[in-house]
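Student: Mind having a look at this structure? Questions to follow.
The values are calculated or read from the model by the stated rules, or taken from the named source; none is laboratory data. Fair warning: this is a prediction, and the values are worked out from it, not measured in the lab. Glycine gets a Cβ as well: all are built from the backbone with ideal geometry, and neighbour counts include every protein chain shown. Heads up: the accessible areas ignore ligands, DNA and RNA and are worked out on the full protein's heavy atoms, side chains in. Shrake-Rupley method; radii C 1.70, N 1.55, O 1.52, S 1.80 Å.
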Amino acid sequence: MRRYALLLLLVLTGCTRNSDGITPQIILQEPSSGAITKAGKALVRGYAFDDAGIQSIKINDTELFKLKGYTSKKGKRIVPFSFQTDGSSAVSSYVIQVSDSSNNKTRLELPIRVDQKDPEITIKRVDRDLNTMRIEGVVKDNVKVQDVLVGGVSIGVTPGAEVPFYAEVPPQDTTVSAMDSAGNKVITQVEAPPPPRIEPPATGNGENTRNSSED
């Protein structure tokens with residue numbers, strides 16, 4: 001009885017392997033969900049996985065297993081891959097298609113967007129006292145502001161298309177710079193206002209003069 005059960009298990013296992021209905025998986029390590037670059041060039045890196053073995057990886061119409069460094073990886077369950085985008089157009093779309101030995105296919109479209117526009121910095125207020133200068137403003141970008149620096153030091157803003165900022169620095173000329181998610185950077189100079197005027201203390205000469213005249 002045990003012999004027949006073992007034979008049945010082997011038959012069922014063989015049927016499962018021959019009727020592979022599991023589609024391959026594409027895992028992107030970078031960029032995670034598309035890319036926005038300054039020059040249109042970005043490194044795409046990831047790997048393909050299938051329990052029956054990867055038989056084809058195509059980037060647009062290019063078969064990776066025909067390229068040097070990939071031919072020996074055909075048929076493996078996990079196949080790392082990477083490629084560099086060329087940045088030839090404002091918006092590029094790269095299609096990654098993976099097939100296994102049963103011709104199950106997985107297709108992933110990866111858009112690569114070119115952004116060459118610098119962020120815009122608007123300084124709204126600059127004031128100071130003897131020891132501190134306060135700077136308030138806003139940075140806008142057509143995609144996303146990634147970071148704002150005052151005096152070369154990041155002030156830790158929350159990334160977004162429009163980012164308000166406030167900083168307190170020593171009372172001297174300084175800079176405000178901003179960088180977007182594509183790496184475009186802009187910098188502006190901020191001049192320190194003149195120090196506040198300090199009124200001299202009253203000397204009391206007026207009271208003495210009045211007393212003298214009364215005498």
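For (1) of a type in the set (S, T, N, Q); (2) open to solvent by 90 Å² or more (accessible area, probe 1.4 Å); (3) at pLDDT 95 or above; (4) farther than 21 Å from Lys38 by Cβ, each residue gets a yes or a no:
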position: Ile135; (1), (2), (3), (4): no, no, yes, yes
position: Glu168; (1), (2), (3), (4): no, yes, yes, yes
position: Ser177; (1), (2), (3), (4): yes, no, yes, no
position: Thr188; (1), (2), (3), (4): yes, no, yes, no
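Student: Give the residue, chosen from Ala52, Ala39, that is modelled with pLDDT of 60 or more, part of a loop (DSSP other than H, G, I, E, B) and touching a Ser or Thr at 6+ places or on another chain (Cβ under 7 Å). Break it down into steps so the answer makes sense when it comes.
Tutor: Working: Ala39 fails: touching a Ser or Thr at 6+ places or on another chain (Cβ under 7 Å).
It is Ala52.
Student: Also: For segment 32-63, which residues satisfy the criterion of being among the charged types (D, E, K, R) and either farther than 13 Å from Pro111 by Cα or open to solvent by less than 70 Å² (accessible area, probe 1.4 Å) (or both)?
Tutor: Initial filter on segment 32-63 (among the charged types (D, E, K, R)): 38, 41, 45, 50-51, 58, 61, 63.
Within segment 32-63, Lys38, Arg45, Asp50, Asp51, Lys58, Asp61, Glu63 qualify.
Student: Out of segment 152-161, which residues are surrounded by 13 or more Cβ atoms within 10 Å (Cβ to Cβ) and either over 19 Å from the mean Cα position of the chain (by Cα) or under 25 Å from Val114 (Cα atoms) (or both)? Give the steps one after another, and end with the answer.
Tutor: Taking segment 152-161 as the starting set, the residues that turn out to be surrounded by 13 or more Cβ atoms within 10 Å (Cβ to Cβ) are 155, 157, 159-161.
Within segment 152-161, Val157, Pro159, Gly160, Ala161 qualify.
Student: Could you give every pair whose Cβ atoms fall below 8 Å, whose first residue belongs to segment 173-199 and is at positive phi, and whose second residue is at pLDDT below 95, counting only separations of at least 6 or pairs across chains?
Tutor: Qualifying pairs under 8 Å: Gly183/Thr37; Gly183/Lys38.
Student: Further question: Among the residues of segment 34-50 satisfying the criterion of being of a type outside the set (Gly, Ala, Ser) and out of contact with any Leu (no Cβ under 8 Å at 6 or more places or on another chain), which is farthest from Ala182 (Cα to Cα)?
Tutor: As a first pass, look at segment 34-50 and keep what is of a type outside the set (Gly, Ala, Ser): 36-38, 41, 43-45, 47, 49-50.
Within this subset, residues satisfying the condition of being out of contact with any Leu (no Cβ under 8 Å at 6 or more places or on another chain) are 36-38, 41, 43, 47, 49-50.
Working: Ile36: 5, Thr37: 4, Lys38: 5, Lys41: 11, Leu43: 13, Tyr47: 24, Phe49: 30, Asp50: 33 Å.
Step by step, filter segment 34-50, then rank; the result is Asp50.
Student: State the number of residues belonging to segment 119-133 that are open to solvent by 90 Å² or more (accessible area, probe 1.4 Å) and out of contact with any strand residue (DSSP E or B) (no Cβ under 9 Å at 6 or more places or on another chain).
Tutor: Residues flagged as open to solvent by 90 Å² or more (accessible area, probe 1.4 Å) and out of contact with any strand residue (DSSP E or B) (no Cβ under 9 Å at 6 or more places or on another chain) within segment 119-133 amount to 2.
Student: Something else now. Given the structure, is Ile26 open to solvent by less than 70 Å² (accessible area, probe 1.4 Å), over 24 Å from the mean Cα position of the chain (by Cα) and β-branched (Val, Ile, Thr)?
Tutor: On the way: open to solvent by less than 70 Å² (accessible area, probe 1.4 Å): yes; over 24 Å from the mean Cα position of the chain (by Cα): no; β-branched (Val, Ile, Thr): yes.
No.
Student: Follow-up. Counting only residues that are open to solvent by less than 30 Å² (accessible area, probe 1.4 Å) and within 16 Å of Lys38 (Cβ to Cβ), which one in segment 64-118 is modelled with the highest pLDDT?
Tutor: Filtering first and then ranking leaves Asp115.
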